[in-house]
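To start, the structure itself, in structure tokens.
The values are calculated or read from the model by the stated rules, or taken from the named source; none is laboratory data. Here the structure is a predicted model, which means the values were calculated and not measured. Because the Cβ atoms are built from the backbone with ideal geometry, glycine has one as well, and the counts that use them run over all protein chains shown.
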Amino acid sequence: MKMMKLVYPMAFVLALTLATTGCRNHKPYGVTPIPNGPGGQVGDIGSGGTMGGNLPGGGQQASLSGFDNYNEDRAALANYTIHFAFDSAAIREKEQANLQAVASALSSDPSTKLTIEGNCDERGTEEYNRALGERRALAARQALAKMGIDPARVRTISYGKDKPVDAGHDESAWSQNRRDDFVLLHPKTGA
Amino acid sequence: MKNCLRICLSLLFAIFAVALCRGQNDQNEIVINRPVSELGNTKPVPVSIEGFSSEVTDILKFDLYVQGFTFVAPDAAQYQISGTSAGDVVGRVVDRFAKRNILSRSYNGATLRRQAHAFADDVVQAITGKKGIAQTRIAFKVQGASGNGEIYVADFDGHNAQAVTHDGTIVSAPSWVPGRSALYYNSYKLGNPDIFYHNLNTGERHVVAHYSGSNISPAASPDGSRVAMIMSRSGSPNVWVANPDGSGLRKLTSTSEDSSPCWSPDGEWICFATKIRERRVLAKVPAGGGDVQVIHTTGAPNPTEPDWSPDGKWIAFTLQAGEFDICVMPADGSAPPTILVRGEDPSWSPNSRTLIYARRTGGHYVLSLLDVYTKQVKDIRQISGSDSEPAWAK
């Protein structure tokens, strides 16, 4: 019986030791094989140049197809760029003269069309600015429509803040970058 | 007497072994649901790391730091991470408080980097009960001084980056199709901001939307069956949805200044930034069409670029107020947003804990990771130029 008194604590300690290490001894190191290749999610990226199929809608994507056979004349209307207030697509009164000049150019040659390029300063997030630049271009198209220019002759494109004319980071740069540029389109000869 | 001793020993051993092993399994099943008050306010979990090469140690520290861990001496650590990386990574984790081994594993194949990421994920799983992010992927845009750029994919830490496009034009807004190796993005390749679908396995791509005006900001639905985007063909930028091939187009909103759509993880809602009653707000619209509802971002004016967490609980967004801040709020609007760090365009990790976002420095963007609970931040490896518009693969 004396021996039993010693055995119990001994057994306890022994059991505890075995139990704490026992889990590991029961389950030896698991081995995880790692497959080759990047992240297991993206395999070989193809050439990145393969364009499959036709445009959806049988190529009749709104009115864009009507602008295919034109040459850009960036110089013709370069002096009539209009500018905007911060975070605004509202056309200011002082820009009316430039818009009128653009409308006159289009009216004088019915074969021409127009691209309005909307741009922003850098003080906005990228996708917000991409939408803001489009709103600026659309505002000018609407103003030209009021001056009698058929909106079907006008396409809009926003560059967001990707095409600043002044790379500076102050108000004098920003005020130049918040703008609509007007690009006259002449039909390609023979088209 | 001998028999008695043997029985006693066996019995005791069995009881302790079962009890302790069960305790270990319970540990693995803990799921932590954190309240809003812990956003940006949580103490990191102290761990020690010993025995690995400096390369593997650096990888483990990076992976764990952006998931809410901090590094201390072994005698101050709650969890002791140790092992070797001679040849292959072999690692274990000891819970120093509970005095037990909670992970013990070895890795082989691929590279030490991949093995280290796999071990980091097992460490996170063992300690938090949540799936880690160390083996996930991201997409982003890389832009040069000309304004032109390319879409890239990389590991979540920026390593193993690969260009997806080689078009030399303006690109933006990559969006992963969940569960697939495919992206939507915006490219000016055809002379107009159009939306492309790009299969990363085959390299094949097709145009989803090439309409007059803007076709931008694509967002794949959680089941991949639809894509939301901003299009201006009807006269103002609005939220539209279409099938992946561009068919089935439907205009969902007629608000006036929409941008940056994202999906709720159940596919029921599309959240976006817009202007309602002269105030910039976040709003949501049923993906099948219906009334637009404002999501109130009290205290955070000019919200934009929302991203709904995969677990459905949170919406992260950018606050534009002179500077740009990353904010997180409960998706149900039950609490106001918490402003976390300077930055923009957040995208959630698959486990809804870490955000990847872009921050401005020296006239360009770099990509960073943010653990929303501890507010621990780390830049990922950058590609030259400006790296922005990150999207986390889910």
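Data overview
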{"quantity": "Residue that is farthest from residue B:61 (Cα to Cα) [pool: residues in the stretch B:93-127 that are part of a loop (DSSP other than H, G, I, E, B) and among the basic types (Lys, Arg)]", "calculated": "B:99"}
{"quantity": "Residue match in the stretch B:344-360 (condition: under 22 Å from residue B:394 (Cα atoms), of a type in the set (D, E, K, R) and outside any strand (DSSP E or B))", "calculated": "yes"}
{"quantity": "Single unsatisfied condition, residue B:195 versus (1) more than 8 Å from every other protein chain (Cβ to nearest Cβ); (2) farther than 30 Å from residue A:150 by Cα; (3) outside any loop (DSSP other than H, G, I, E, B)", "calculated": "(2)"}
{"quantity": "Residue in the stretch A:120-128 that is among the hydrophobic types (A, V, I, L, M, F, W, C), surrounded by 24 or more Cβ atoms within 10 Å (Cβ to Cβ), touching a residue at least 12 places away in the same chain (Cβ under 8 Å) and part of a helix (DSSP H, G or I) present", "calculated": "no"}
{"quantity": "Residues located in the stretch A:136-191, provided they are on the phi > 0 side of the Ramachandran plot and surrounded by 14 or more Cβ atoms within 10 Å (Cβ to Cβ)", "calculated": "A:160"}
{"quantity": "Of residues in the stretch A:103-126 being among the hydroxyl-bearing types (Ser, Thr, Tyr) and within 26 Å of the chain's Cα centre (by Cα), the one nearest to the other protein chains (Cβ to nearest Cβ)", "calculated": "A:125"}
{"quantity": "Within the stretch B:212-244, considering residues that are on the phi > 0 side of the Ramachandran plot and at the interface with chain A (Cβ under 7 Å from one of its Cβ atoms), the one surrounded by the most Cβ atoms within 10 Å (Cβ to Cβ)", "calculated": "B:217"}
{"quantity": "Count of residues meeting criterion [touching a strand residue (DSSP E or B) at 6+ places or on another chain (Cβ under 8 Å) and either assigned to a strand (DSSP E or B) or outside the structural domain of residue B:254 (by TED's automatic domain parsing) (or both)] in the stretch B:268-294", "calculated": "17"}
{"quantity": "Qualifying residue in the stretch B:290-306 (condition: surrounded by fewer than 21 Cβ atoms within 10 Å (Cβ to Cβ), among the small types (Gly, Ala, Ser), over 13 Å from the mean Cα position of the chain (by Cα) and within 13 Å of chain A (Cβ to nearest Cβ))", "calculated": "no"}
